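The values are calculated or read from the model by the stated rules, or taken from the named source; none is laboratory data. As the structure is a computational prediction, the values presented were derived from the model and not from experiment. Because the Cβ atoms are built from the backbone with ideal geometry, glycine has one as well, and the counts that use them run over all protein chains shown.
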Protein chains: 2
Amino acid sequence: MIKNDLLLRALNNETVNRPPVWMMRQAGRFLPEFRNLRDKYDFFTRCRTPELAAEITLMPIRAIHTDAAILFSDILVVPQAMNIEVQMKEDVGPWLPNPVRSAKAVEQVIVPDIQETLGYVMDAIKLSKEMLNDEVPLIGFAGSPWTIFCYAVEGKGSKSYDVAKSFCFTQPEAAHALLQKITDTTILYLKEKVKAGVDAVQIFDSWGGMLSPEDYTTFSWNYIKQIVDALADETKVIVFAKGCWFAINDMAQSKVSALGVDWTCSPRNARYLSGGKITLQGNMDPARLLSPIPDIQKMVKQMIDAFGKDNYIVNLGHGILPSVPVDHAKAFVEAVKMYGS
Amino acid sequence: MIKNDLLLRALNNETVNRPPVWMMRQAGRFLPEFRNLRDKYDFFTRCRTPELAAEITLMPIRAIHTDAAILFSDILVVPQAMNIEVQMKEDVGPWLPNPVRSAKAVEQVIVPDIQETLGYVMDAIKLSKEMLNDEVPLIGFAGSPWTIFCYAVEGKGSKSYDVAKSFCFTQPEAAHALLQKITDTTILYLKEKVKAGVDAVQIFDSWGGMLSPEDYTTFSWNYIKQIVDALADETKVIVFAKGCWFAINDMAQSKVSALGVDWTCSPRNARYLSGGKITLQGNMDPARLLSPIPDIQKMVKQMIDAFGKDNYIVNLGHGILPSVPVDHAKAFVEAVKMYGS
């Protein structure tokens, strides 16, 4: 039994004294101990070495005492396992030297054996669970098929993702074939994560908000939904689709346990769009953690008041920024723990 | 009298046989004749030479026959006139070597004499009007104070604009002082543009959608509103705030003549959020112009059906992409002209 099970209770729609709190990218660059490790080991070494991944996973639990851990890894280990070369250039981001841009290239992409290609992730989960010693739950994650597709087709980050979109609009059959392969792989991958011990999973759709509502349904949500349907009986699934306020209503009617919302969607709009009952997660502007600490404390209280303490998980509206001082992140977490007292 | 006054009639809420059509960034890189000029003259030479600016302004009228021209210029001529150095690195974007990040730096920023610093824009307007020969209306534009502020503080484009936000959150007095100086300058600038002959103006808030609804009101909309109030008696004002679906309701209650919407906001949502009557402008995903021409034609028809032909200006949801083939842009415009026939 997990000692601090607030996250799981919120995902279960149970009444709580205060909502749980964690932060996207909490196992990341804002922590000095993370930056130290980063100077010693390159990106994929950190992902692939279970001892390092587990060590990083626990860093925010020790430093700022969040109510959940999220496994340190990257969404791009999935395309890497699918036979797509992925490099990570420090301070630049992902770099895929052979972007997938034709039906022929899609054929080369495989749905891999998960244990064989991503066994190191499962080892990192087992080790993290051991080290967490049932203190708080562990969240596993994956990128959404559309977000992975964007990187696979563009070969790097982009402002408009027009190469990825153009592939969808001009070669829809090949695009859907690639999206399906990513979906199939992600389902297998997340099922293995559950077996390895994660207590919940989150799907990150970073680039869904680049699509029109209709294209979002066709090229992103239809695939996320397959994953949610395949996983819902085995674990709690959180979907965070940045910028996808327009799809909250549809998404809330699926088997998701919670929906993440970004900071452009007010708590009131989020509750209205989602129908009022589903657990929501978010949504402070990450840049707001650069505000003076008294402002952070005030905003946390207002945010919980606005979402309501139940059916709610406190988080940021996107990943924590590397420039946030640790004591500001700590103040955010502590303000949640003080709520109602 | 302007021969094709469809745009002005739509801005006046008059009934029309079909809506007018123009495209943001239509005087831009997707046109081969623009790319030719670009190889010969650098960015600010093109802006500052009235003959070149007017020539570029007319290019899309001749090539794809839109119902309005928009003056070729850049939003960053304004901070440049305000004593902030602005360079333009081709294929990289704006570069401001001395970003404004302190109260002291804000003091150095001036509200300039417009004729003295930006007289070349007025000359370009007069020449464009002459060359247009009253065929179609001419739109003038400015960046929103918040968007100009973002560049002034960050010194370049950014993913999260957290330096600009941090300046607002930690030095609010200095931030508001800078926003007010930009606002005052923009009002003077747009009034001069109206005197020089533009038939309508558009304010571009490219980065408003990076803010929470509350921060948007404080740091962006409150300043845009000052501009709208100051100009509304003299000309028609269109506000395009990308990603600001959450503020459409507030904005629609101001003196704007039209609101631009991006493609994440369905026509139905846009009409609902704006209260149903105000003229709306948009909103096809610019990447959708990469679709096959029959798809473009179909989508244009659906879009006009959904917005309704009245109180509507057909446009993209953001600027046209440089990679769009000219015949696709032409098909977009022609599909609007064929509407209802």
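Going residue by residue through region A:168-181, is there one that turns out to be touching a Lys or Arg at 6+ places or on another chain (Cβ under 8 Å) and closer than 21 Å to residue A:117 by Cα?
The answer is no, given that none of the residues of region A:168-181 is touching a Lys or Arg at 6+ places or on another chain (Cβ under 8 Å) and closer than 21 Å to residue A:117 by Cα.
For region A:97-119, enumerate the residues that are in contact (Cβ under 8 Å) with a residue 60 or more places away in the chain, within 18 Å of residue A:48 (Cβ to Cβ) and surrounded by fewer than 16 Cβ atoms within 10 Å (Cβ to Cβ).
A:115
Which ones in region B:4-37 are within 17 Å of residue B:91 (Cα to Cα) and touching a residue at least 12 places away in the same chain (Cβ under 8 Å)?
Passing the criteria: B:25, B:27, B:28, B:29, B:30, B:31, B:32, B:34, B:37.
Applying the selection to region B:79-110, what residues are of a type in the set (Val, Ile, Thr) and touching a helix residue (DSSP H, G or I) at 6+ places or on another chain (Cβ under 6 Å)?
Matches in region B:79-110: B:84, B:86, B:100, B:106, B:109.
Which one of these is assigned to a helix (DSSP H, G or I) and closer than 26 Å to residue A:328 by Cα: A:34, A:44?
Details: A:44 fails: closer than 26 Å to residue A:328 by Cα.
None of the others qualify; the one that does is A:34.
Just checking, how many residues over region B:207-218 are away from chain A (no Cβ under 11 Å) and either closer than 15 Å to residue B:118 by Cβ or part of a loop (DSSP other than H, G, I, E, B) (or both)?
Residues that pass the stated criteria total 1.
For the structure I just gave you, tell me whether residue A:238 is within 14 Å of chain B (Cβ to nearest Cβ), among the β-branched types (Val, Ile, Thr) and within 19 Å of the chain's Cα centre (by Cα).
Here the answer is no, as residue A:238 does not meet what is asked.
Looking at region B:176-183, can you tell me whether even one residue there is surrounded by 18 or more Cβ atoms within 10 Å (Cβ to Cβ), among the small types (Gly, Ala, Ser) and at pLDDT 95 or above?
Looking through region B:176-183, none of the residues is surrounded by 18 or more Cβ atoms within 10 Å (Cβ to Cβ), among the small types (Gly, Ala, Ser) and at pLDDT 95 or above.
Here is a check on your reading of the model: is residue B:182 closer than 30 Å to residue B:276 by Cβ, more than 14 Å from every other protein chain (Cβ to nearest Cβ) and outside any loop (DSSP other than H, G, I, E, B)?
So residue B:182 fails the test.
How many of the residues in region B:188-218 are under 30 Å from residue A:266 (Cβ atoms), surrounded by fewer than 24 Cβ atoms within 10 Å (Cβ to Cβ) and either touching a Leu at 6+ places or on another chain (Cβ under 8 Å) or among the β-branched types (Val, Ile, Thr) (or both)?
Going through region B:188-218 one residue at a time, the tally reaches 2.
Of everything in region A:248-261, what is part of a loop (DSSP other than H, G, I, E, B) and within 13 Å of residue A:313 (Cα to Cα)? Give them in sequence order. Outline the logic, then answer.
Of all residues in region A:248-261, those part of a loop (DSSP other than H, G, I, E, B) come to A:253-257, A:261.
Listed by number, the residues that qualify are A:257, A:261.
All but one of (1) more than 14 Å from every other protein chain (Cβ to nearest Cβ); (2) over 22 Å from residue B:237 (Cα atoms); (3) assigned to a loop (DSSP other than H, G, I, E, B); (4) not aliphatic (A, V, I, L, M) hold for residue B:72; which doesn't?
Failed condition: (2).
Evaluate region B:73-80: report whether one residue or more is crowded, with 20+ Cβ neighbours inside 10 Å, over 23 Å from residue B:224 (Cα atoms), within 16 Å of the chain's Cα centre (by Cα) and not hydrophobic (A, V, I, L, M, F, W, C).
The answer is no, given that none of the residues of region B:73-80 is crowded, with 20+ Cβ neighbours inside 10 Å, over 23 Å from residue B:224 (Cα atoms), within 16 Å of the chain's Cα centre (by Cα) and not hydrophobic (A, V, I, L, M, F, W, C).
How many residues are at pLDDT 95 or above and either part of a helix (DSSP H, G or I) or over 20 Å from residue A:25 (Cα atoms) (or both) if we restrict to region A:276-318? First the steps, then the outcome.
Taking region A:276-318 and keeping what is at pLDDT 95 or above, we get A:278-318.
Checking which are either part of a helix (DSSP H, G or I) or over 20 Å from residue A:25 (Cα atoms) (or both) leaves us with A:278-279, A:286-290, A:292-311.
Adding up the residues that qualify gives 27.
Going through region B:317-341 one residue at a time, which ones are buried (at least 17 other Cβ atoms within 10 Å of the Cβ) and in contact with a Leu (Cβ under 8 Å, 6 or more places away or on another chain)?
Across region B:317-341, the qualifying residues are B:320, B:321, B:324, B:328, B:329, B:332.
Residues in region A:59-69: is at least one surrounded by 15 or more Cβ atoms within 10 Å (Cβ to Cβ) and under 30 Å from residue A:176 (Cβ atoms)?
Taking every residue of region A:59-69 in turn, none turns out to be surrounded by 15 or more Cβ atoms within 10 Å (Cβ to Cβ) and under 30 Å from residue A:176 (Cβ atoms).
Would you be able to tell me the number of residues in region B:254-277 that are without any contact (Cβ under 8 Å) to a residue 40 or more places away in the chain and more than 10 Å from every other protein chain (Cβ to nearest Cβ)?
Within region B:254-277, residues that are without any contact (Cβ under 8 Å) to a residue 40 or more places away in the chain and more than 10 Å from every other protein chain (Cβ to nearest Cβ) number 11.
Give the residues of region B:47-69 that are in a helix (DSSP H, G or I) and of a type in the set (Asp, Glu), sorted by residue number.
Answer for region B:47-69, where residues must be in a helix (DSSP H, G or I) and of a type in the set (Asp, Glu): B:51, B:55.
Considering only region B:221-241, I want to know if a residue exists there that is farther than 27 Å from residue B:181 by Cβ, buried (at least 19 other Cβ atoms within 10 Å of the Cβ), of a type in the set (Ser, Thr, Tyr) and touching a residue at least 40 places away in the same chain (Cβ under 8 Å).
No; the residues of region B:221-241 include none that is farther than 27 Å from residue B:181 by Cβ, buried (at least 19 other Cβ atoms within 10 Å of the Cβ), of a type in the set (Ser, Thr, Tyr) and touching a residue at least 40 places away in the same chain (Cβ under 8 Å).
Do the conditions hold for residue B:119, that is, is it of a type outside the set (Phe, Trp, Tyr), within 19 Å of the chain's Cα centre (by Cα), under 18 Å from residue B:195 (Cα atoms) and outside any loop (DSSP other than H, G, I, E, B)? Talk me through it step by step, then tell me what you get.
Working: of a type outside the set (Phe, Trp, Tyr): yes; within 19 Å of the chain's Cα centre (by Cα): no; under 18 Å from residue B:195 (Cα atoms): yes; outside any loop (DSSP other than H, G, I, E, B): yes.
Spelling it out, it is not the case that residue B:119 is of a type outside the set (Phe, Trp, Tyr), within 19 Å of the chain's Cα centre (by Cα), under 18 Å from residue B:195 (Cα atoms) and outside any loop (DSSP other than H, G, I, E, B).
Between residues in region B:155-167 that are more than 9 Å from every other protein chain (Cβ to nearest Cβ) and surrounded by fewer than 22 Cβ atoms within 10 Å (Cβ to Cβ) and residues that are not in a helix (DSSP H, G or I) and not basic (Lys, Arg), which pairs lie under 6 Å by C-beta distance while being six or more apart or on different chains?
If the second residue must be not in a helix (DSSP H, G or I) and not basic (Lys, Arg), the pairs left are B:155/B:96; B:155/B:99; B:156/B:95.
Got a number for residues in region A:285-318 being within 12 Å of chain B (Cβ to nearest Cβ), under 21 Å from residue A:248 (Cβ atoms) and touching a Phe, Trp or Tyr at 6+ places or on another chain (Cβ under 6 Å)?
2
List the number of the failed condition for residue B:27; all other conditions in (1) under 18 Å from residue B:122 (Cβ atoms); (2) in a helix (DSSP H, G or I) hold.
Among (1) under 18 Å from residue B:122 (Cβ atoms); (2) in a helix (DSSP H, G or I), the lone unmet condition for residue B:27 is (2).
Residue A:272: under 22 Å from residue B:216 (Cβ atoms) and either of a type outside the set (Ser, Thr, Tyr) or at pLDDT 95 or above (or both), yes or no? Before the answer, list the steps.
On the way: under 22 Å from residue B:216 (Cβ atoms): yes; either of a type outside the set (Ser, Thr, Tyr) or at pLDDT 95 or above (or both): yes.
Considered against the rule, which asks whether it is under 22 Å from residue B:216 (Cβ atoms) and either of a type outside the set (Ser, Thr, Tyr) or at pLDDT 95 or above (or both), residue A:272 comes out as yes.
Could you look through region A:319-341, keep only residues that are closer than 13 Å to residue A:16 by Cα and assigned to a helix (DSSP H, G or I), and pick out the one that is farthest from the other protein chains (Cβ to nearest Cβ)?
A:337
Here's the yes/no breakdown for (1) part of a helix (DSSP H, G or I); (2) within 14 Å of chain A (Cβ to nearest Cβ); (3) farther than 26 Å from residue B:107 by Cβ:
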site: B:178; (1), (2), (3): yes, no, no
site: B:187; (1), (2), (3): yes, no, no
site: B:193; (1), (2), (3): yes, no, yes
site: B:204; (1), (2), (3): no, no, yes
site: B:220; (1), (2), (3): yes, yes, no
site: B:226; (1), (2), (3): yes, no, no
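Sort through B:157, B:209 and tell me the only one that's in contact with a Gly (Cβ under 7 Å, 6 or more places away or on another chain) and modelled with pLDDT under 95.
B:157
Can you report the number of residues in region A:75-97 which are in a loop (DSSP other than H, G, I, E, B) and either modelled with pLDDT of 95 or more or within 22 Å of residue A:125 (Cα to Cα) (or both)?
Here the count works out to 9.
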